[in-house]
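Scroll down for the structure; my scribbles are underneath it.
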Amino acid sequence: MSDLALAQDDPDAGGAEATRVSSITLSDPDITLAEIGAIDSLLRSPRVSAGPVAEAFETAFAAYLGRKYAIAVPSGTLGLLIALRALGIGPGDEVIASAHSFRETAHAISLAGAHPVFADIDYWAGTLVPAKVEARITKRTRAIVAGNTNGHPAQWSELRAIADRHRLPLLEDSTEAIGSRYRGGLVGTFGDAAIFDFSQPSALTCGEGGMVVTDDIDLAMALRRHRSHRLDERSSVVVSATAPHQAGLSDLSAALGLAQLQRLDEILERRRLIEHLYYRHVQSFEGIKDPYVGPDVTEVNWFLYLVHLGTRFTRSSRDAIVEDLRVEQVEAAAYSNPLHLQRHYFDLGYRRGDLLVTEKIADRAVALPFHTHLSDDQIAFIVETMKDASINVGAGSAIY
């Protein structure tokens, strides 16, 4: 064990040093006095459930993206579920999506009763390949759900052309992306509806929460009907053709989210600094390449800092590296466990080998701690520990 790691067990070690190395978490929200003040004010108010603050958060978020409507929800998964319900998608329908994601938003397709049809991804970007999406379209296809994986925008121009050609709604999964840009436009502005998630490790976090945005007034009204009754309907008997999920966002969460949104540019800039520090240290690996950014991508704000191990690594050696990091009190994770290989989807008929690129990347990708509170020394320690771990598993230190 390194001297840096040993400091956590030394009772005579300096307080700051001991705290710095005691545990390095995968994520740590960027919370300041602005967020604390917003929560304090809210807790002193007569309302903490969904109300005027949640509505203010919706208005501000729609304005940030330049979209007409925003509907606050408890999570990205529920946001997508409600969007599918609003589009009338359910049993017997097919929805094309990616099986490659850290957060399993695509579960909403199954929860809606529809059949998820997974298409494979681009090896470098991790996003859906438009040609592979089009090849999966059938007479039963009712929508396409494409994600900005780990903050990298999908190929939205090509996906939009496919969706329009087949007259399908295009839903944008931006649960891992906020602030990234494709051809100058912010993610969240390309789908007929876009879904965001504000749980950790999102750059903007309010504990748990999400948002669905759209420019279609009919879709927005349907989203609200499926989400919850209006405040003015709660004290009366309401006859409705829609059974809402009562899936509103509390004012408590919205107050935190609104404060974070007002600081979003600052948070993203601080995260970019951490990215630069990582890259400087990661160059000590043999064969390192710059993080991939697609030709039409204007800006990427990464969700997590991902290291893609070379083909000499196996899935078990990747897991051993994650375990070695854990022993050194560094939280890391596999990115990701493909949906089509999880039990529920296995029962639907999916098997290993169905999505070769997704499986290859998922077997060799490691998500490292990525947040604004990391120090240069901590990042150096994380990278050196991972380098030592890769040598310990007998695969050398080559990554790409």
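The table that follows gives values for the structure above.
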item: Leading residue by the ranking (nearest to Ser199 (Cα to Cα)) among those in the range 81-128 that are open to solvent by 30 Å² or more (accessible area, probe 1.4 Å) and among the hydrophobic types (A, V, I, L, M, F, W, C); result: Phe102
item: Neighbours by Cβ (under 6 Å, 6+ apart or cross-chain): first from the range 160-180, closer than 13 Å to Gly210 by Cβ; second among the hydroxyl-bearing types (Ser, Thr, Tyr) and open to solvent by less than 10 Å² (accessible area, probe 1.4 Å); result: Asp173/Thr105; Thr175/Thr105
item: Residue under evaluation His245, criteria (1) over 27 Å from Leu111 (Cα atoms); (2) touching a strand residue (DSSP E or B) at 6+ places or on another chain (Cβ under 9 Å), criterion not met; result: (1)
item: Options Tyr292, Tyr335; residue that is more than 22 Å from Pro29 (Cβ to Cβ) and either touching a Pro at 6+ places or on another chain (Cβ under 8 Å) or in contact (Cβ under 8 Å) with a residue 12 or more places away in the chain (or both); result: Tyr292
item: Condition met for Tyr64 (within 24 Å of Ile267 (Cβ to Cβ), buried (at least 16 other Cβ atoms within 10 Å of the Cβ), at pLDDT 95 or above and hydroxyl-bearing (Ser, Thr, Tyr)); result: yes
item: Odd one out for Glu266, checked against (1) over 22 Å from Gly76 (Cβ atoms); (2) open to solvent by 90 Å² or more (accessible area, probe 1.4 Å); (3) modelled with pLDDT of 80 or more; result: (2)
item: Members of the range 330-378 that are among the basic types (Lys, Arg) and either farther than 21 Å from Trp302 by Cβ or part of a helix (DSSP H, G or I) (or both); result: Arg343, Arg351, Arg352, Lys360
item: Scan of the range 204-228 for residues that are at pLDDT below 90 and either open to solvent by 60 Å² or more (accessible area, probe 1.4 Å) or acidic (Asp, Glu) (or both), ordered by number; result: none
item: Every residue from the range 41-61 that is in contact with a Leu (Cβ under 7 Å, 6 or more places away or on another chain) and either open to solvent by 40 Å² or more (accessible area, probe 1.4 Å) or in a helix (DSSP H, G or I) (or both); result: Leu42, Val48, Val53, Ala54, Ala56, Phe57, Ala60, Phe61
item: Residues of the range 343-360 classified as in contact (Cβ under 8 Å) with a residue 24 or more places away in the chain and within 17 Å of Ala97 (Cα to Cα), total; result: 9
item: Count of residues meeting criterion [of a type outside the set (Gly, Ala, Ser) and surrounded by fewer than 21 Cβ atoms within 10 Å (Cβ to Cβ)] in the range 182-197; result: 3
item: Matching entry among Phe61, Phe102 (being touching a Pro at 6+ places or on another chain (Cβ under 9 Å) and more than 18 Å from Ile144 (Cβ to Cβ)); result: Phe102
item: Residue within the range 331-346 that is open to solvent by 50 Å² or more (accessible area, probe 1.4 Å), modelled with pLDDT of 95 or more and under 22 Å from the mean Cα position of the chain (by Cα) present; result: yes
item: Of residues in the range 90-136 being assigned to a loop (DSSP other than H, G, I, E, B) and of a type in the set (Asp, Glu), the one farthest from Leu348 (Cα to Cα); result: Asp122
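Yes or no, residue by residue, for (1) in contact with a helix residue (DSSP H, G or I) (Cβ under 9 Å, 6 or more places away or on another chain); (2) among the hydroxyl-bearing types (Ser, Thr, Tyr); (3) part of a loop (DSSP other than H, G, I, E, B):
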residue	(1), (2), (3)
Thr138	no, yes, yes
Ala143	yes, no, no
Ala146	yes, no, no
Glu158	yes, no, no
Leu168	yes, no, yes
Phe196	yes, no, no
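The values are calculated or read from the model by the stated rules, or taken from the named source; none is laboratory data. Since the structure is predicted, the reported quantities are computational estimates derived from the model, not experimental observations. Ideal geometry is used to build each Cβ from the backbone, glycine not excepted, and the neighbour counts take in all protein chains shown. Surface accessibility is based on the protein's heavy atoms, side chains included, excluding ligands, DNA and RNA. Shrake-Rupley method; radii C 1.70, N 1.55, O 1.52, S 1.80 Å.
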